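The values are calculated or read from the model by the stated rules, or taken from the named source; none is laboratory data. Being a predicted model, the structure only gives us computed values, none of them experimental. Positions of Cβ are backbone-derived with ideal geometry, glycine not excepted, and every protein chain shown enters the neighbour counts. Calculation scope for accessible area: heavy atoms of the full protein, side chains included, ligands and nucleic acids excluded. Shrake-Rupley method; radii C 1.70, N 1.55, O 1.52, S 1.80 Å.
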Amino acid sequence: PEIIEHLRVEHELSNVSFTTWIQPLKVYEIIDNTVFILVNMNASVEYIEKKYLLPLKVCISEVTGIDYEVVFVSEDDSRISEIRSMSADASHKKKTRTASEKAGLNPKYTFDTFVVGGNNNFAHAASLAVAESPGEVYNPLFLYGDVGLGKTHLMHSIAHFILNKNPKKKVLYVTSETFTNELIEALKKGKTADNESAMAQFRDKYRNNDVLLIDDIQFIIGKESTQEEFFHTFNHLHTSAKQIIISSDKPPKDIETLEARLRTRFEWGLIADISAPDYETRMAILRRKIELDHLDRYNIPEDVLTYIAENIKSNIRELEGSLNKLIALYKLNNPETIDIPLAAEALKDIISSYNNRVVTPELILDIVSDHFNITIADLKGNKRSASISVPRQICMYLMRTLTETPLQAIGIILGGKDHSTIKYGVEKIEKEMAKDETLHNTISIIMKKINPA
Ligand code: ADP
Ligand code: MG
């Protein structure tokens, strides 16, 4: 559905051709890198192919980030049975493919898509060495650097690399928030029901690994019980030569609330920092993103890229964000060309929201969307599933407590909601936080992201 919507918007199909040709199409099978699409009407496959094959291919790759081949088939096609048997073959192969999916890894974060520059070549080389011989070279590997500079990307790359080489390896990637929240849950369950088993399960999950990656360790800090548990997890893995990879915004010595015994352990292996990219690297990252996201068709002029690279210096996520914003503005206003004034317009929001460090509702939207990995459109929308409605209510709560924005205005920002909806959301989060320690933990982490002390 997302792809179809994308196709409609992107290619400005008329409603008629959309409902007659595109909407009835169904994905029949996806095998390896081919999407088979079923044309289940009287329409000729040839016609659809001629008209929509290319746009559909582009849309699929834009939405999924994967370059699929697209093949149209009709119901009476002789190829149908062929596809069935191919699909049976593929389904057992799939088990290996899902190894990295199961590990919760972002398919886009691989060594292939990581641009190496002077700011990150040491961290990159160390990560690659660890990925090639986990547990054997640097243990732990401690990566640190400011937000948006590629720590998470590198960690996922290591995990992908190891799983690709050997899908049987047990690789666990989590944020320190997940570690903390799961520990809280296990302790809570332990108090009620069969007390040992919840903790035993927790320990098994974290200790029974070949590779454990803990992202943003700075958020564990300040909680004694979590540090204690992590200390034991660490020792257990380290003594059995299992690889540990940790990321943080600061080197161990500068993390004030970190217990000394953990600090020394973090310094046992290798510490690698990632700093802000220089101009050449920023240009290379922009070019790579244009290539990966198929943005070449917009023919963004060289001077516009230079302009972006010159103005966004300290955060790669912002660098990517400005390119996205530029394309969005271009589509919205449909100007003749993409030029510097348009880029200036795109950069305006990005530069002001982050660099002034004033907490605005927009900054909150950005950070919450990033934290839960959901879109801003969903935060502003009306979907009711908990995975979206809770983050949305968290936005309401944060906008209310961290900014002076009135309820009514928050409602407008969140896609035109009633002020009573906002009031209800704020109060609900307040109430839940008081009794739900994991929600409390999550919100305090988001607050730290909004306001890094
Ligand atoms: P961090 O975890 O340090 O906050 P991320 O790893 O989330 O940063 O990176 C932010 C964004 O920038 C991601 O979309 C990531 O893919 C991209 N990025 C960071 N470094 C690079 C790089 N060297 N090459 C390509 N993309 C990068
Ligand atoms: Mg990160």
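Data table
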| read-out | value |
| --- | --- |
| Residues satisfying the stated conditions in region 183-219, i.e. surrounded by fewer than 18 Cβ atoms within 10 Å (Cβ to Cβ) and either within 16 Å of ligand 1 (Cβ to nearest atom) or within 22 Å of Lys102 (Cα to Cα) (or both) | Glu185, Ala200, Gln201, Arg203, Asp204, Lys205, Arg207, Asn208 |
| Residue in region 59-70 that is at pLDDT below 80, of a type in the set (S, T, N, Q) and not in a helix (DSSP H, G or I) present | no |
| The one condition in (1) under 30 Å from Gly411 (Cα atoms); (2) at pLDDT below 90; (3) open to solvent by 60 Å² or more (accessible area, probe 1.4 Å) that Ile350 fails to fulfil | (3) |
| Qualifying residue in region 311-319 (condition: within 24 Å of Val58 (Cα to Cα) and touching a helix residue (DSSP H, G or I) at 6+ places or on another chain (Cβ under 7 Å)) | yes |
| Residues that are more than 13 Å from ligand 2 (Cβ to nearest atom) and in contact with a helix residue (DSSP H, G or I) (Cβ under 7 Å, 6 or more places away or on another chain), drawn from region 125-152 | Ser127, Leu128, Val130, Ala131, Pro134, Val137, Tyr138, Asn139, Pro140, Leu141, Phe142 |
| Selected residue (criterion: nearest to ligand 2 (Cβ to nearest atom)) from residues of region 309-336 that are over 25 Å from Ile66 (Cα atoms) and open to solvent by 80 Å² or more (accessible area, probe 1.4 Å) | Lys313 |
| Any hit, region 290-308, residues being crowded, with 20+ Cβ neighbours inside 10 Å and under 24 Å from the mean Cα position of the chain (by Cα) | yes |
| Unmet criterion (only one of (1) open to solvent by less than 10 Å² (accessible area, probe 1.4 Å); (2) more than 16 Å from ligand 2 (Cβ to nearest atom); (3) touching a Phe, Trp or Tyr at 6+ places or on another chain (Cβ under 9 Å)) for Met155 | (2) |
| Some residue of region 128-136 being under 28 Å from Leu439 (Cβ atoms) and touching a Ser or Thr at 6+ places or on another chain (Cβ under 9 Å) | no |
| Which numbered condition Ser385 misses (of (1) away from ligand 1 (no atom under 16 Å from the Cβ); (2) small (Gly, Ala, Ser); (3) at pLDDT below 90) | (3) |
| Thr19 over 30 Å from Tyr279 (Cβ atoms), open to solvent by 30 Å² or more (accessible area, probe 1.4 Å) and at pLDDT 75 or above | yes |
| Residue satisfying all of: in region 292-303; of a type in the set (D, E, K, R), under 18 Å from Lys57 (Cβ atoms) and in a helix (DSSP H, G or I); nearest to ligand 1 (Cβ to nearest atom) among these | Asp296 |
| Residue list for region 402-422, restricted to those being in contact with a Lys or Arg (Cβ under 9 Å, 6 or more places away or on another chain), crowded, with 16+ Cβ neighbours inside 10 Å and touching a residue at least 12 places away in the same chain (Cβ under 8 Å) | Leu407, Ile410, Ile413, Leu414, Ile422 |
| Subset of region 257-291 (residues that are in a helix (DSSP H, G or I) and either within 22 Å of Gln243 (Cβ to Cβ) or free of Cβ contacts under 8 Å to residues at least 12 places away in the same chain (or both)) | Ala260, Arg261, Leu262, Arg263, Thr264, Arg265, Phe266, Glu291 |
| So Ser240, is it under 28 Å from Leu163 (Cα atoms) and within 16 Å of ligand 1 (Cβ to nearest atom) | no |
